[in-house]
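One structure is given below, encoded as structure tokens.
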Amino acid sequence: MKKMILAALVITMMAACNNKTKEEKTPESHAQQMAEMFPEPKVKIKTVGILLYDNYAVLDAMGPYHVLSELMGAKVFFVGRHKGLITTGDGLKVQCDTSISEVKKLDILVIPGGLIETYMATKDTALLNWIRTIDVHSKYTTSVCTGAWILAATGLLKDHEATTHWFGKKILKEQFGITAEDKRYVQSGKYWTSAGVSAGIDMSLGLIKEIMGEKYTQTVMLDLEYDPQPPVKGGSEHNTDKDIVENTRSMYNSALQPLLHPEITSKIRIDNDKDPVCGMKLIGFADTVHYKGKIIGFCSARCKSGFLNNPTAYELPTH
């Protein structure tokens, strides 16, 4: 969309010029208009790397990818923990041509979130060391959603304000000593963190405003037609029915329980490597059911319940 933004800025500038009288069309006024439409960036950004790993949350990465691709002169690309196809929990496959072993510097690093794989990444020494190395030269080091867990695990967020997904706040506090702000996104020096999933778009727009100014940001927002008007009130733990919030919290907790408390499930062997309901790869499991001579594991009690409601609707392992 960069070409569309460029065209829009040029057309706007030409229209502004045509509305002026000949006497007003001075070199000075023309230069001023150019400066307004094409401001000198506060910080020159040439490379934006968005970290990908299996089971990341799609919009955590794709929202910032789209928004930050509107930065003139910036190369925006994915950096994988490994090269090749990287798959989300929903089965979306993205070809990643660059791995962390090949990238030594970035102007902006974006760390998306997820759930199980994201928590596991907080223990990945090689990944954490890579992030620390990138941070030495980065202009901005950022996270979306529970990507803040990974960023916090590096120690880089120590003594900084931050935020994360509403569910992720407890883990951010208990395991990394960071109290999450109740904000859509938080800037603390060069560290920018956002709340859950869709908030990564807001954070990315905030970065563009920081770098290019308000008018340029408005042009980007217009290009995206970014004017959120949800059909119902909700989207936050503060404006959603309490039962829904607690049921969702319970689902997340049960999915993470095998990692937080591996001793509970370590002695049980299941016959499936993916949850038959949601398709999530099972590193551990939150619950099981005996069905047709097999022990079937599930990422959460919610998925188990869905299976029990209609077990014939799901494909089971044949081995």
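The values are calculated or read from the model by the stated rules, or taken from the named source; none is laboratory data. Keep in mind that this is a model prediction, so the values were computed, not measured. Ideal geometry is used to build each Cβ from the backbone, glycine not excepted, and the neighbour counts take in all protein chains shown. Ligands, DNA and RNA are excluded from the accessible area calculation, which covers all protein heavy atoms including side chains. Shrake-Rupley method; radii C 1.70, N 1.55, O 1.52, S 1.80 Å.
Using only Cα atoms and rounding to the nearest 10 degrees, what angle (0 to 90) does helix 2-18 make with the longest principal axis of the chain?
Helix 2-18 and the main axis of the chain meet at about 30 degrees.
Using helices alone, what [θ] at 222 nm do you get for the chain, with -39,500 (n - 2.57) per DSSP H run of 4 or more residues, divided over all residues and rounded to the nearest 500?
-12000 deg cm²/dmol
In a solvent-free Debye calculation with one equal scatterer on each Cα, what is log10 I(q)/I(0) for the chain at q = 0.13, 0.16 Å⁻¹, listed in the order of the q values?
-0.99, -1.33
Taking H placed 1.01 Å from N in the peptide plane, check which residues at least 5 places from K75 or on another chain put their amide H under 5 Å from its amide H.
Placed amide hydrogens put T47, V48 under 5 Å from K75.
How do D182, D275 stack up against each other in accessible area, from largest to smallest, with a 1.4 angstrom probe?
The ordering from most to least exposed comes out as D182, D275.
Considering only DSSP beta bridges where both residues belong to the chain, give the percentage that are antiparallel (nearest 5).
So the antiparallel bridges in the chain amount to around 45 percent.
With charges only on Cβ, +1 for K and R and -1 for D and E, what is the dipole size of the chain about its Cα centre, in debye, rounded to 20?
With only Lys, Arg, Asp and Glu charged at Cβ, the dipole is about 600 debye.
Using all alpha carbons of the stretch 54-105, what is the percent of pairwise distances in each 10 Å bin, ordered from the shortest bin to the longest?
Histogramming the stretch 54-105 at 10 Å steps yields 24, 50, 25, 1 percent.
How much solvent-accessible surface does L256 expose, in Å² to the nearest 10, with a 1.4 Å probe and all protein chains in place?
0
Enumerate the calculated ³J(HN,Hα) couplings along the stretch 195-210 in order (Karplus 6.51 cos²θ - 1.76 cosθ + 1.60, θ = phi - 60°), each rounded to whole Hz, writing x wherever the residue is Gly or Pro.
Result, ordered by residue: 6, x, 6, 5, 5, x, 5, 4, 4, 5, 5, x, 5, 5, 4, 4 Hz.
Provide the solvent-accessible area of H261, counting protein heavy atoms only and rolling a 1.4 Å probe, rounded to the nearest 10 Å².
The accessible area of H261 comes to roughly 80 Å².
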